[in-house]
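The values are calculated or read from the model by the stated rules, or taken from the named source; none is laboratory data. The model shown is predicted, which means the values in this text are computed figures rather than measured ones. For neighbour counting, all protein chains shown are included, and Cβ atoms are generated from backbone atoms with ideal geometry for every residue, glycine included.
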Amino acid sequence: MSGIVVVGNGMAGSRFVTEMRDRDRKMPLTVFGAEAQQPYNRVLLSNVLAGASRPDQIGLVDPSWYERHGVDARLGVEIVRIDRERRLVHASDGGVTPYRTLVIATGSTAIVPPLPGTGDGLPAGAVAFRTLDDCVRILEAAEGAKHAVVVGGGLLGIEAARGLAGRGLDVTVVHLAGHLMERQLDPGAGRVLARTLGRLGIRARLEISVSALRTEEAASGTRVSGVELANGEFLSADVVVLACGVRPDVALAREAGLEIDRGIVVDEMLRSVSDPSVRAIGECSQYGGTVYGLVAPAWEQAAILADLLAETDVDARFTGAREITRLKAASVELATMGETHHGDEDPDVEVVRFADPARGTYKKVVIKDDRLIGAILLGETGTAGTLTQLYDRAAPLPSDRLSLLFPGINGAPVSDSPVRMPDAATVCQCNNVSKGQIRACWEHGARTVEEVAARTRASTGCGGCRDAVEGIVCWLDEQEAAPTG
Amino acid sequence: MSVSEQVIPETPTVAPGGTPTHCPYCALQCGMAVGGSPVRVTPREDVPANRGGLCQKGWTAAELLTVPDRLTTPLMRAHLGAPLEPCTWEEALDRIAGEVARLQERHGRDAIGVFGGGGLTNEKAYQLGKFARIALRTSQIDYNGRFCMSSAAAALNRAFGLDRGLPGPITDLARADAIMLVGGNVAETMPPFMRHLTEMRERGGALVVIDPRRTATAKQADLHLQPAPGTDLALANGMLHLAIAEGLVDEDFVAARTGGFEAVRISVNAYWPDRVERITGVPVPQMREAVRLLGRGNRSLILTARGAEQHARGTDTVTAFINLALALGLPGREGGGYGCLTGQGNGQGGREHGQKADQLPGYRKIDDPAAREHVAAVWGVDPEIIPGPGRSAFELLDALGADDGPKALLLFGSNPVVSAPRSGLIEERINALEFLAVSDFVLSETARRADVVLPTAQWAEESGTMTNLEGRVLRRRRAVAAPDGVRTDLEILAGLADRLAAPGTWSTEPAEVFDELRAASAGGPADYAGITYERIESEGGVFWPCPSEDHPGTPRPFAERFHTPDGRARFTPVDHTGPAEGVDAAYPVHLITGRVLAHYQSGAQTRRIAPLVDASPEPFVEIHPDLAARSGVAEGEMVRVTSRRGTVTVRARLVDTIRHDTVFIPFHWAEEGRANLLTNTALDPMSRMPEFKVCAVRLEPHEENGADQ
């Protein structure tokens, strides 16, 4: 009996498989993964580079899970052809598998720019950073190395740079745009980030491209020796990491005749617009003109598709996702979301900003119609939780805009001085005793907490108001001692 | 108001020679002496739980004994629609026995349901379970403890093989390195408990509180995490993810004393910090700080309470926190581990001795043949006559009067018309019964609907044992005589058993019932066999399990091994799915419910005590000023709060201590302000706990606000 066949066992594919099994224990389910290992969490690759996790510690699915849950997992087996007419997939091992529904989750691959020196593949020491294997290769190359160049100053490039700098390498990031992470950050934030990274031993070279990789012959063969910049400058490096972006992996789908733009074009039920029996999720798919490059939308798609195919929610629809990014780099707190490039010129848009470049802090929220449409929190992210939820839900914003930038501004605990406290104020919550009642006790001769407690029970519950009661008694004593005038 | 007009309470007179006993309310079971004329209470210094402290509920507990509408005669309705009128005990008990016989003959034994409470003594809880099984021979018995801590119980059994609230004596708390309290507001719900936390902080320990509100407890914390309602599980998984990344896992402990960590390690890889931040709204730096505080020593303790547990995923949520505690190597160490804060006075003992639909005394499983045989021998019956498992609390209430459900209900120590989820529906189910009998000492909202009301003795008028939140068995002592015309529940059950010609013995002496309970629990997980009234008195309470009289009791049950077959604690991977009812355009606000300091549970007791009513006279809804402004609601105005299940009208209280997307209503009031008219009945698949703690509502100004202006 043919069931669901999933091509790709990365973040999107593996999530779909587990979501599907959570909802439907019986549906025949086969998953093909090009990599032989268990699926892993790509988000945690930066932890591996930084040394916080070992490569074998970032798995997403327990290896025994597939058998226990009746999933036919063909790991290390690639699909080479889709036969839509007969609804079959052909695998690299010669196997042919029928499907009723095909889920394509082939993800994307790293872009390797066509540089001189990369003609026959990358030389040793140069790695395009994308997969766990890439990560392991970078770590091998970094072993004993001194200088690293990271090509590309986007999110992934900076995470790689931070990881290598944390291992003691001297790192230079070469970036084409005028500031780092230009997709997520405005120029002001980019400058503060560059300054912060500078303190961590990472130099940024902006508005310049790499023109070639240079190599040298070593005992072990040809290996990278550095990069040449467009202005002719040479940066020597033992490790070169290419983080120049990714492109959707759609060769298989294109060959099968599915409509491709940048990704496989899908509708809100995640069906290929060319063939409703084929679904596509994650970075190989394109919805509403957008290819989503983050994990959260891919997981959202996985859950929606599982709801549709298991019929647990036949009305589930993917209608686009809100993108929130978080830099995973030790000692650099950075969260961004939505549209962050607005300045003060648009009268319909409210921009609230705080910058303290010397301390590495830059905060900005962009508001339209009392809704958050974008934000940057750099250096201190205490309000990130609040902002992400306001942004996700398009919820109306608190009237106090400062509380969007700074945690604890709103309603920080105030210590009540006995002087300012009104008589009606409750001092002892546990026994509902007011300041006035304590004052009255004092008027009747009570001079210690114990004497006040004996009459009012104040401080006999949780005991937390004992100091306050003592304060009031002392204050009353002082009032009495003070000369009247 | 001038100072001289301030009301000064009279000095509470100490009652020399007052009877030492415990408070009638929560699971802290504060020690108090009761005596004098008029009767007063004074706190006891010799009970570690409160060490001389009492909250206002405790101080005023004596007033319960003389509430003006105290029932002192049975009441009965002559027929449907007739008023409740005084009758004799003979008439009342004959009527109940007659209805039982009539309905069982027509519909079978399960036509009679029994509903108990977590405030009943061990003796009464035991006797009630026995009464259901061998006098009525119905499977349809459960109790309101199902609404209390059943999720923690299920998670504890799964992880440690034993469900006992705290892992050690309460005096351990003060010596902890850190305590993380999840979904509990002890500064209001059990104020003297705060003394232990304050002492811990004075010794350098850190208090972390997780609560969507900045409660009185959260204000005293070193760190307060304020997650979106229904996201605690994700938060716990996120904290475990961070603990692993920060190298805080106690690998030696995990290897030596646990099993199943690898699957959990993999499962929490999906809970990287910013994903959890997005789900919970808790900033990553705060999560990291909380993990570091917990991980810095191994005398740290994670405590959950109803806020974490009363969810359709409550068992898994507690499991996530147990996983975190296990990974950090906390359980089984003196002063550290995981614990559940019991809610009701005898929430612990109440569930150990047979009130639960699936259990027999001693925390035995009712479908275990060996357990049935043991208990049947103590009861002097054939194991065959003991019914199998019945419906859980909400399912039992929801089935009342239905074709396949009970046609009559006998209710002891509970007020489900106010306290059950979606209480409007439960009221309809109760009205659909052919017969309702209620044992209570006042005419509660549920008792008002009964056909027969039995006036029963209350805390200071009866004797027995209670098991407090520590798992320590305590003596409740009779301090005053019950009013004329009142009987104890044991006398009521004996009277009914006699009329039903039930097998077994039906003592009305608590000490004799306790001896029988000891025998019935012997060899079970909650083994009370070695506990005697004398030992409780001379030792200041005895911790269960205590299998023999020469056994010292078990203050710290996991010191050597966990109570699983292999002695190891079990990790279980769990996943976040969110509240059963999320917010949407029609119902855009989360509702959470809980307690206030001056009241207890359905308020049937505390709403009758003047100082408590003065302190907290009416229900209210806490709203953030921004949400109030958007909803057109001003401070002090009446607000209509509506969910898919009902509407309440309560006064607005504007506070900046609650999240912008959440409102809070306490659940102690009846009628228009009955919070549980709104709550969701989605049940936890393991514990059958309803999702009291989160549902979706909308807010509207009450029409009359405009008319007033």
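Structure summary
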{"quantity": "Any hit, segment B:628-635, residues being within 14 Å of another protein chain (Cβ to nearest Cβ) and within 28 Å of the chain's Cα centre (by Cα)", "calculated": "no"}
{"quantity": "Unique match (being farther than 27 Å from B:PRO24 by Cβ, in contact with a helix residue (DSSP H, G or I) (Cβ under 6 Å, 6 or more places away or on another chain) and not polar (S, T, N, Q)) among B:ALA176, B:ALA152", "calculated": "B:ALA176"}
{"quantity": "Identity of the residue in segment B:247-276, over 20 Å from A:PRO55 (Cβ atoms), of a type in the set (D, E, K, R) and part of a helix (DSSP H, G or I), that ends up nearest to the other protein chains (Cβ to nearest Cβ)", "calculated": "B:ASP274"}
{"quantity": "Filtered residues of segment A:147-171 (kept if more than 20 Å from the chain's Cα centre (by Cα) and crowded, with 24+ Cβ neighbours inside 10 Å)", "calculated": "A:ALA148, A:VAL149, A:VAL150, A:VAL151, A:VAL171"}
{"quantity": "Residues located in segment B:277-305, provided they are in a helix (DSSP H, G or I) and within 10 Å of another protein chain (Cβ to nearest Cβ)", "calculated": "B:GLU277, B:ARG278, B:ILE279, B:THR280, B:VAL284, B:PRO285, B:GLN286, B:MET287"}
{"quantity": "So A:LEU180, is it more than 23 Å from the chain's Cα centre (by Cα) and among the aliphatic types (A, V, I, L, M)", "calculated": "no"}
{"quantity": "Test for B:ALA502: is it in the same structural domain as B:ARG478 (by TED's automatic domain parsing), at pLDDT 95 or above and surrounded by 17 or more Cβ atoms within 10 Å (Cβ to Cβ)", "calculated": "yes"}
{"quantity": "Members of segment B:451-470 found to be under 21 Å from the mean Cα position of the chain (by Cα) and of a type in the set (Asp, Glu), listed by number", "calculated": "B:GLU470"}
{"quantity": "Selection within segment A:443-465 - facing chain B (nearest Cβ under 9 Å) and not polar (S, T, N, Q)", "calculated": "A:GLU443, A:HIS444, A:ALA454, A:ARG455, A:ARG457, A:GLY461, A:CYS462, A:GLY463, A:GLY464"}
{"quantity": "Members of segment B:585-625 that are touching a strand residue (DSSP E or B) at 6+ places or on another chain (Cβ under 8 Å), small (Gly, Ala, Ser) and surrounded by fewer than 19 Cβ atoms within 10 Å (Cβ to Cβ)", "calculated": "B:ALA586"}
{"quantity": "Scan of segment B:139-167 for residues that are under 21 Å from B:HIS196 (Cβ atoms) and in a loop (DSSP other than H, G, I, E, B), ordered by number", "calculated": "B:MET149, B:ARG164, B:GLY165, B:LEU166, B:PRO167"}
{"quantity": "Any hit, segment B:49-67, residues being within 12 Å of chain A (Cβ to nearest Cβ), buried (at least 21 other Cβ atoms within 10 Å of the Cβ), touching a residue at least 40 places away in the same chain (Cβ under 8 Å) and among the aliphatic types (A, V, I, L, M)", "calculated": "yes"}
{"quantity": "Any chance B:GLY184 is outside any helix (DSSP H, G or I) and either touching a Pro at 6+ places or on another chain (Cβ under 9 Å) or on the phi > 0 side of the Ramachandran plot (or both)", "calculated": "no"}
{"quantity": "Any hit, segment B:631-648, residues being assigned to a helix (DSSP H, G or I), within 30 Å of A:LEU404 (Cβ to Cβ) and either assigned by TED's automatic domain parsing to the domain that holds B:GLY281 or not β-branched (Val, Ile, Thr) (or both)", "calculated": "yes"}
{"quantity": "Test: residue in segment B:508-521 that is in contact with a Pro (Cβ under 8 Å, 6 or more places away or on another chain) and assigned by TED's automatic domain parsing to the domain that holds B:ILE112", "calculated": "no"}
{"quantity": "Qualifying positions in segment B:32-54 - under 23 Å from the mean Cα position of the chain (by Cα) and among the aliphatic types (A, V, I, L, M)", "calculated": "B:MET32, B:VAL47, B:ALA49, B:LEU54"}
{"quantity": "Number of the exception - B:MET76 against (1) assigned to a loop (DSSP other than H, G, I, E, B); (2) more than 27 Å from B:ARG472 (Cα to Cα); (3) at pLDDT 95 or above", "calculated": "(1)"}
{"quantity": "Residue among B:VAL648, B:VAL655 that is in contact (Cβ under 8 Å) with a residue 12 or more places away in the chain and crowded, with 20+ Cβ neighbours inside 10 Å", "calculated": "B:VAL648"}
{"quantity": "In segment A:92-126, the residues that are touching a residue at least 24 places away in the same chain (Cβ under 8 Å) and over 26 Å from A:ILE79 (Cβ atoms)", "calculated": "A:PRO113, A:LEU115, A:PRO116, A:GLY117, A:THR118, A:PRO123, A:ALA124, A:GLY125, A:ALA126"}
{"quantity": "Subset tally (residues that are under 26 Å from the mean Cα position of the chain (by Cα) and facing another protein chain (nearest Cβ under 10 Å)) for segment A:47-72", "calculated": "11"}
{"quantity": "Scope segment B:202-230; condition more than 10 Å from chain A (Cβ to nearest Cβ) and assigned to a loop (DSSP other than H, G, I, E, B); matching residues", "calculated": "B:ARG203, B:GLY204, B:GLY205, B:ASP211, B:PRO212, B:THR215, B:ALA221, B:ASP222, B:PRO229, B:GLY230"}
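Condition check ((1) farther than 21 Å from B:SER538 by Cα; (2) assigned to a loop (DSSP other than H, G, I, E, B)) across all residues:
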position	(1), (2)
B:PRO421	yes, yes
B:LEU425	yes, no
B:GLU428	yes, no
B:VAL438	yes, no
B:VAL442	yes, yes
B:PRO455	yes, no
B:LEU474	no, no
B:ALA479	no, yes
B:PRO483	yes, yes
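Let's see how each residue does on (1) more than 22 Å from B:ALA629 (Cα to Cα); (2) more than 9 Å from chain B (Cβ to nearest Cβ); (3) surrounded by 13 or more Cβ atoms within 10 Å (Cβ to Cβ):
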{"position": "A:ARG326", "(1), (2), (3)": "yes, no, yes"}
{"position": "A:ASP346", "(1), (2), (3)": "yes, yes, no"}
{"position": "A:GLY360", "(1), (2), (3)": "yes, yes, yes"}
{"position": "A:LYS364", "(1), (2), (3)": "yes, yes, yes"}
{"position": "A:LEU378", "(1), (2), (3)": "yes, yes, yes"}
{"position": "A:LEU397", "(1), (2), (3)": "no, no, yes"}
{"position": "A:LEU402", "(1), (2), (3)": "no, yes, no"}
{"position": "A:ARG420", "(1), (2), (3)": "yes, yes, no"}
{"position": "A:ALA425", "(1), (2), (3)": "yes, yes, yes"}
